[in-house]
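The structure appears right after this line, and notes come after that.
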Amino acid sequence: MLPDSPAWIAATRAALDTAELGPRAEHRGRVEEIGDGVALVSGLRDVRLDEVLQFAGGQVGFARVLDPDRIGCVLLDAATGVAAGDAVAGTGRVVSVPVGEALLGRVIDPLGRPLDGGEPIAAEAQLPIDRPAPAIIERDLVVEPVQTGVLVLDTLFALGRGQRELIVGDHSTGKTTLAVDAMIAQRDSDMICVYVAVGQKTSSVRRAIDALQNGGNFARCIVVVAGSADAPGLQWIAPYAGMTMAEYFRDRGQHALVVIDDLSKHAATHRELALLTRQSPGREAYPGDVFYAHARLLERAARLSEARGGGSLTALPIAETDAGNLSAYIPTNLISITDGQIVLNAGLFHQGQKPAVDVGLSVSRVGGKTQAPVLRKAAGPLRLDYAQFLELEVFTRFGAMPEGRVRDQLTRGARIREVLRQPQHAPYRLADEVALLLALQAGLLDPLPVRAVSAFRQALPGHLDTEVPQVVQALAETGALDEAARGALMAALKRLAEAPAP
Ligand SMILES: Nc1ncnc2c1ncn2[C@@H]1O[C@H](COP(=O)(O)OP(=O)(O)O)[C@@H](O)[C@H]1O
Ligand SMILES: [Mg+2]
């Protein structure tokens, strides 16, 4: 006999004593109809809204519509194998996802199942996908910046931690790229990034993941993918799941950035599910609650008060427009829910002005106050100069080259436009941005032809690293520029501007 067998026997006896033996009642429903990712189920009277239901074949779904005699159940797995007449049982729990550090560096589906071929997630906890947003007294003002590394955002449309900013534009105008670049820039910050792909093409998701892996700090990113071929239910829960995963960090006093790519696809899925569960359609055939669904989702982005740990969750939802129509139902909804929008313009994109931010239609209502003071001071005149230039340009397009002040404004404006161009996946540091703005303001770029401005902008980061590394470092650490540092920086900029073009 083994020495520890008495303990083993005692434990087994104890387990037997508490085991429930005998008959157990369980509610079982039946599938009445199945199709397109939705099952209509009868015979389950005690099911709650959002409760997970399990089918005989092991597939799961959740109760979305509770009618007196029928439940509209949205499947989270492929519908293959579910047939009319199958048994269905309630599970007593709502849809939840794994959260925790173990998700970092992983590509998963909205239920936390690995898509990267890695180990299953060892989750710290399971949390519901639909959690209430923090109350007003739990929140605080947005005071810290999100450095996106994209010059046009950081100068003209600065974002703050806790803000919700919509990225909106036509198909293929650089929406995903802009959001991914903001995530790449977080390789130097303490922000956790969550990228949620809803109904996107596999190739687009692949590109985003590659960009994050090559340029960003992927070990601090989570990628949640519900592809266009996945069950509509899985696509529908994806943004909520991503929020829950990010909230874990927010609630521990950390900072997270969530990109939802995109809510137009999500709204289409919402409409599809509503029609399949026989809810009445409203404007553009969307059910009336689509506004509520998105508002409730984005309300979870917040800067928490010190009492709640001071964490933050910043959201960059994306929406796709048709022929630039911002007044369609979903874009107007989202514009009114968020704290501003970055509008990308297809015309600008095709002219090669990338990122194709429409400066006139874009706005950030919160982040300006959080801008680093040096950047803020330098960005103020830029906004005015650029806006005046865009207006003047329209009037002078067909006329002769004007003289005097107007010509100076046009010269400056063209150089601002060139400086605002930025290749993808190449975020600037704060020092690069400050240097570019100072060079513009001091008029260093005015004598250069526009093509040389482009060379200047490309050479700048390397030039700063070799000539004034101490300034770059000081700006990264303190976000401020003293007199001596400013002098050194200006001297370095002059040398670069006067250097003969290569
Ligand atoms: N700043 C940029 N510089 C160069 N190419 C860009 C830039 N932004 C986007 N692109 C390219 O434009 C194409 C469309 O961008 P994408 O972000 O996928 O658009 P969307 O998400 O709006 O459909 C991609 O091939 C991308 O590489
Ligand atoms: Mg895209």
(request) Could you check how many residues of the stretch 41-69 are of a type in the set (A, V, I, L, M, F, W, C), surrounded by 20 or more Cβ atoms within 10 Å (Cβ to Cβ) and more than 29 Å from the chain's Cα centre (by Cα)? (result) 5
(request) Please determine, by comparing only the residues of the stretch 200-223 that are within 13 Å of ligand 2 (Cβ to nearest atom) and among the small types (Gly, Ala, Ser), which one is surrounded by the most Cβ atoms within 10 Å (Cβ to Cβ). (result) ALA208
(message) Looking only at residues that are in contact with a Leu (Cβ under 8 Å, 6 or more places away or on another chain) and among the acidic types (Asp, Glu) in the stretch 229-288, which one is surrounded by the most Cβ atoms within 10 Å (Cβ to Cβ)?
(response) GLU247
(message) Let me confirm something: among THR91, THR148, which residue is at pLDDT below 95 and polar (S, T, N, Q)?
(response) THR91
(message) With farther than 23 Å from GLU272 by Cα and touching a strand residue (DSSP E or B) at 6+ places or on another chain (Cβ under 9 Å) as the only criterion, which of ALA79, ALA7, ALA84, ALA89 stands out?
(response) ALA89
(request) Inspect all residues belonging to the stretch 168-183 and state whether any of them is at positive phi and surrounded by fewer than 24 Cβ atoms within 10 Å (Cβ to Cβ). (result) yes
(request) Consider ALA197 carefully, then state whether it is within 14 Å of the chain's Cα centre (by Cα) and either part of a strand (DSSP E or B) or surrounded by fewer than 24 Cβ atoms within 10 Å (Cβ to Cβ) (or both). (result) yes
(message) I'm checking my understanding of the structure. Among residues of the stretch 241-271 that are over 17 Å from ASP230 (Cβ atoms) and of a type in the set (Asp, Glu), which one is farthest from ligand 2 (Cβ to nearest atom)?
(response) ASP251
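Run down LEU392, LEU384 and say which single residue is out of contact with any helix residue (DSSP H, G or I) (no Cβ under 8 Å at 6 or more places or on another chain) and free of Cβ contacts under 8 Å to residues at least 40 places away in the same chain.
Working: LEU392 fails: out of contact with any helix residue (DSSP H, G or I) (no Cβ under 8 Å at 6 or more places or on another chain).
Exactly one residue qualifies, and that residue is LEU384.
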(message) Checking the condition farther than 21 Å from GLY160 by Cα and either away from ligand 1 (no atom under 16 Å from the Cβ) or crowded, with 23+ Cβ neighbours inside 10 Å (or both), which residue from ALA307, ALA293, ALA319 passes?
(response) ALA293
(request) Report yes if ARG64 is closer than 29 Å to ALA229 by Cβ and among the charged types (D, E, K, R), otherwise no. (result) yes
(message) Every residue in the stretch 340-356 that is surrounded by 18 or more Cβ atoms within 10 Å (Cβ to Cβ), of a type in the set (S, T, N, Q) and either more than 11 Å from LYS175 (Cα to Cα) or in contact with a helix residue (DSSP H, G or I) (Cβ under 6 Å, 6 or more places away or on another chain) (or both), please.
(response) GLN341
(message) Residue under question is PHE389, and the condition is that it be more than 22 Å from ASP181 (Cβ to Cβ) and crowded, with 16+ Cβ neighbours inside 10 Å; does it hold?
(response) yes
(message) I want to confirm something. Restricting to the stretch 456-502 and keeping residues that are among the polar types (S, T, N, Q) and farther than 21 Å from ALA372 by Cα, which single residue is nearest to the chain's Cα centre (by Cα)?
(response) GLN458
(request) Check off (1) more than 25 Å from GLY216 (Cα to Cα); (2) in contact with a helix residue (DSSP H, G or I) (Cβ under 9 Å, 6 or more places away or on another chain); (3) of a type in the set (Lys, Arg) for ARG421 and give me the number that stays unchecked. (result) (1)
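Considering only the stretch 437-482, how many residues are charged (D, E, K, R) and either closer than 30 Å to ARG405 by Cα or not in a helix (DSSP H, G or I) (or both)?
Summing the residues that are charged (D, E, K, R) and either closer than 30 Å to ARG405 by Cα or not in a helix (DSSP H, G or I) (or both) in the stretch 437-482 gives 4.
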(message) Is it the case, given these coordinates, that SER312 is within 19 Å of the chain's Cα centre (by Cα), farther than 22 Å from ALA197 by Cβ and away from ligand 2 (no atom under 16 Å from the Cβ)?
(response) yes
(request) Residue by residue through the stretch 200-223, note down the ones that are away from ligand 1 (no atom under 12 Å from the Cβ) and assigned to a helix (DSSP H, G or I). (result) THR202, ILE209, LEU212, GLN213, ASN214, GLY215, PHE218, ALA219, ARG220
(request) For residues that are of a type in the set (A, V, I, L, M) and within 16 Å of VAL194 (Cβ to Cβ), scanning just the stretch 78-114, find the one that is surrounded by the most Cβ atoms within 10 Å (Cβ to Cβ). (result) VAL97
(message) When you scan the stretch 357-375, do you find a residue that is farther than 23 Å from VAL168 by Cβ, touching a Pro at 6+ places or on another chain (Cβ under 8 Å) and either of a type in the set (Gly, Ala, Ser) or in the same structural domain as ARG187 (by TED's automatic domain parsing) (or both), even just one?
(response) yes
(request) Within the stretch 325-339, track down each residue that is buried (at least 20 other Cβ atoms within 10 Å of the Cβ) and in contact with a Lys or Arg (Cβ under 6 Å, 6 or more places away or on another chain). (result) THR338, ASP339
(request) Sort through ALA431, ALA414, ALA426 and tell me the only one that's closer than 27 Å to ARG187 by Cβ and assigned to a helix (DSSP H, G or I). (result) ALA431
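The values are calculated or read from the model by the stated rules, or taken from the named source; none is laboratory data. Computed from a predicted model, the values in this text were never measured in an experiment. Ideal geometry is used to build each Cβ from the backbone, glycine not excepted, and the neighbour counts take in all protein chains shown.
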